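The values are calculated or read from the model by the stated rules, or taken from the named source; none is laboratory data. Quantities reported herein were computed from a predicted structural model and do not represent experimental measurements. Glycine also receives a Cβ, built like all others from the backbone with ideal geometry; neighbour counts cover every protein chain displayed.
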Ligand SMILES: Cc1cc2nc3c(=O)[nH]c(=O)nc-3n(C[C@H](O)[C@H](O)[C@H](O)COP(=O)(O)O)c2cc1C
Ligand code: SF4
Ligand code: FES
Ligand code: FES
């Protein structure tokens, strides 16, 4: 019954789309400013050139290469125009079916596009984020329909476990194991949370996914709810992401109206509802126990684990909490089977990972690569190397919980293990390219100021320690440090790492420790006395 | 602080706040959503309104204020007529927004979180607005400008302030 309705939407929408000879996709992500004006100008140009029956202007999500934006993609020729302005609209419409506008054309073989392997970003920039028919025509919700019609919860749990998928929110915990724990847990109801807090400064993967393919996140969440037996879901999203919130509201409503959410989803016995909860600008609320308290309407203070949310979460009930990108991985994983994900990436880090590539590289934006790709390929090929006249110093990964990989170690493959070995982490996927103009002492001071400001203050090592470490770092910045300060710095970092209650305090020293490991010279150069010159280079 | 003589219960705006609370069945966990609504409507968290919210949700006022002050997004002070947001996330920091902040302090005597004496301009520091590929990013009354040098950025700000009235 329900299948038929979905199939009808697909057939009708496909017929509608096929009427047009040309589809003009306008990126409407946050990274492409003025895109509303560009779209309106293109629509006007279609009118003035009387091409309403032949040309369809469409708004789509981020195409990835935000640094060349605003981007416009012409289908079916697959031409991509960069740096488009509203004034270019007439010319673009007039050129359809004729030779492309060289001035705006992005080379089709740009390594930025050809070297990626898109899985969760597959539909980003290819569909209208808010259009359910678009998502359906692109194959959306097929994984859910297949799940409800042919799979039992244990089948899904097994698939997720076999795939080796690990959480994309930072810690890399095995997703299948977490789901199985929630499925087994006693207590009802069970809750499900999508962590869309994305507090890492410099990271925007989750925002982009939510803005570009919000239905895919819902689909992943619904499948998770089925697998673990949850009936109520929450999306906890930053208030700083108004566009993503607006789109989520819209797609939740559409999904409800089409029986993809709510009671007896698609005629099955699954009931599942989703509510949006706005964050309010506290980094620590990305931590799962703090996030749960925040949903409960309280100050977002972390609590010790265990008990883990899987057993005692929201209002004391079993709760599954996963990151946005983790949920986005579920539909393709079920569609293609666990082997497909397992065959991508490295032995222990499977599948693909989305990164926000920013900083001093030529091409900045959103990328997705198989795990295990070397950093060098990411920076030099996909990122197009450093901006004119600059040399690479380090790549910072994992934000304020991460560390930096020096230029000499650029052949490191990107996997949870290899980054950990170097004292950094994959984190949520922020990747900031740093050149010789930045001082590592400055950068770690910046991160420590961030952690000091964001510490919730509940435990002393973190509350006092971040402030003290920050003060010490300022002494280094001002070239007034001593060898005793360096010792103190290392001692405090160690203390913080081992005695803090939650991940914020435990990981706050990581950037400092990693900089001390690879860029010790810069710290020694900030020491005022002669002692520094006696210390041997690491 | 301006003295408040408003009777929130008679206020049409108060009705919108009540709607938010009702949508969450007036449960205590509606608090943060309600605070968002209050700030959307008034631009800040007015203390009279907060007391009324505490009353309505049957939670101690101290907890309401505790929550309101815990989160960066909430402000207990009214904002100026215009708002300049400077992103200080890592990508924007590495690309020079720290200089823009210093410049704002020097030329407009404003630090993040402050509003000018004539109530015309508020300066806000953002942790990352998620447009890092365009770093350095600033928002003038919500309109995003990115990928500019320090000099260009300061020119954008001056021009905007000159035109904004
Ligand atoms: C200080 C701190 C901030 C965090 N911020 C986020 C965040 O913004 N988004 C996120 O998904 N996970 C964040 N996490 C990790 C979550 O606590 C949790 O591990 C994650 O949401 C689990 O989802 P996953 O298994 O799908 O990765 C943070 C952890 C800590 C300690
Ligand atoms: S480690 Fe820091 S953020 Fe975490 S609970 Fe302690 S004080 Fe709060
Ligand atoms: S937002 Fe347009 S390409 Fe990323
Ligand atoms: S760091 Fe400024 S937008 Fe992300």
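If you scan the range A:503-521, which residues turn out to be more than 14 Å from residue A:396 (Cα to Cα) and out of contact with any helix residue (DSSP H, G or I) (no Cβ under 8 Å at 6 or more places or on another chain)?
A:520, A:521 - these are the residues of the range A:503-521 that are more than 14 Å from residue A:396 (Cα to Cα) and out of contact with any helix residue (DSSP H, G or I) (no Cβ under 8 Å at 6 or more places or on another chain).
Every residue in the range A:261-283 that is assigned to a strand (DSSP E or B) and within 11 Å of another protein chain (Cβ to nearest Cβ), please.
Within the range A:261-283, A:275, A:276, A:277, A:278 meet the criteria.
Exactly one condition in (1) within 14 Å of chain B (Cβ to nearest Cβ); (2) more than 16 Å from ligand 4 (Cβ to nearest atom); (3) outside any loop (DSSP other than H, G, I, E, B); (4) buried (at least 17 other Cβ atoms within 10 Å of the Cβ) is false for residue A:315; which is it?
(4)
Looking at (1) crowded, with 21+ Cβ neighbours inside 10 Å; (2) over 27 Å from residue A:443 (Cβ atoms), which one does residue B:83 not meet, given that it meets all the others?
(1)
Does the range A:125-133 contain at least one residue that is within 16 Å of ligand 1 (Cβ to nearest atom) and crowded, with 22+ Cβ neighbours inside 10 Å?
Within the range A:125-133, not a single residue is within 16 Å of ligand 1 (Cβ to nearest atom) and crowded, with 22+ Cβ neighbours inside 10 Å.
So in the range A:284-294, with the set limited to residues that are under 23 Å from residue B:129 (Cβ atoms) and more than 7 Å from chain B (Cβ to nearest Cβ), which one is farthest from ligand 2 (Cβ to nearest atom)?
Only one residue tops the list, namely A:291.
Can you find, within the range B:70-107, the residue that is farthest from the other protein chains (Cβ to nearest Cβ) among those that are closer than 17 Å to residue B:158 by Cα and within 11 Å of ligand 4 (Cβ to nearest atom)?
B:86
Going residue by residue through the range B:135-145, is there one that turns out to be buried (at least 22 other Cβ atoms within 10 Å of the Cβ), in a strand (DSSP E or B) and at pLDDT 90 or above?
Among the residues of the range B:135-145, at least one is buried (at least 22 other Cβ atoms within 10 Å of the Cβ), in a strand (DSSP E or B) and at pLDDT 90 or above, which makes the answer yes.
Would you be able to tell me the number of residues in the range A:181-199 that are within 13 Å of ligand 1 (Cβ to nearest atom) and surrounded by fewer than 23 Cβ atoms within 10 Å (Cβ to Cβ)?
1
Out of the residues in the range B:133-162 meeting the condition of being at the interface with chain A (Cβ under 10 Å from one of its Cβ atoms) and touching a strand residue (DSSP E or B) at 6+ places or on another chain (Cβ under 7 Å), tell me which one is farthest from ligand 3 (Cβ to nearest atom).
Within the range B:133-162, the match that is farthest from ligand 3 (Cβ to nearest atom) is B:145.
List pairs: first residue in the range A:88-109 and at positive phi, second residue surrounded by 16 or more Cβ atoms within 10 Å (Cβ to Cβ) and not in a loop (DSSP other than H, G, I, E, B) anywhere in the structure, Cβ distance under 9 angstrom, at least six positions apart or on different chains.
A:97/A:22
Checking residue B:100 against (1) closer than 30 Å to residue A:201 by Cβ; (2) at pLDDT below 95, only one condition comes out false. Which one?
Result: residue B:100 fails condition (2) only.
Considering only the range A:171-243, give the helices (runs of 4 or more DSSP H) lying wholly within it that have at least 1 residues that are closer than 19 Å to residue A:284 by Cβ.
Correct list: A:205-212.
Across the range A:344-363, which residue is nearest to residue A:176 (Cα to Cα) among those that are in contact with a strand residue (DSSP E or B) (Cβ under 6 Å, 6 or more places away or on another chain) and within 14 Å of chain B (Cβ to nearest Cβ)?
A:354
Counting just the residues of the range A:418-450 that are within 12 Å of chain B (Cβ to nearest Cβ) and within 16 Å of ligand 2 (Cβ to nearest atom), which one comes out farthest from residue A:355 (Cα to Cα)?
A:449
Any idea which of A:299, A:305 is modelled with pLDDT under 95, within 16 Å of ligand 2 (Cβ to nearest atom) and part of a loop (DSSP other than H, G, I, E, B)?
A:305
Being within 12 Å of another protein chain (Cβ to nearest Cβ) and part of a loop (DSSP other than H, G, I, E, B) is the filter; apply it to the range B:114-132 and report the residue that is nearest to residue A:364 (Cα to Cα).
It comes out as B:131.
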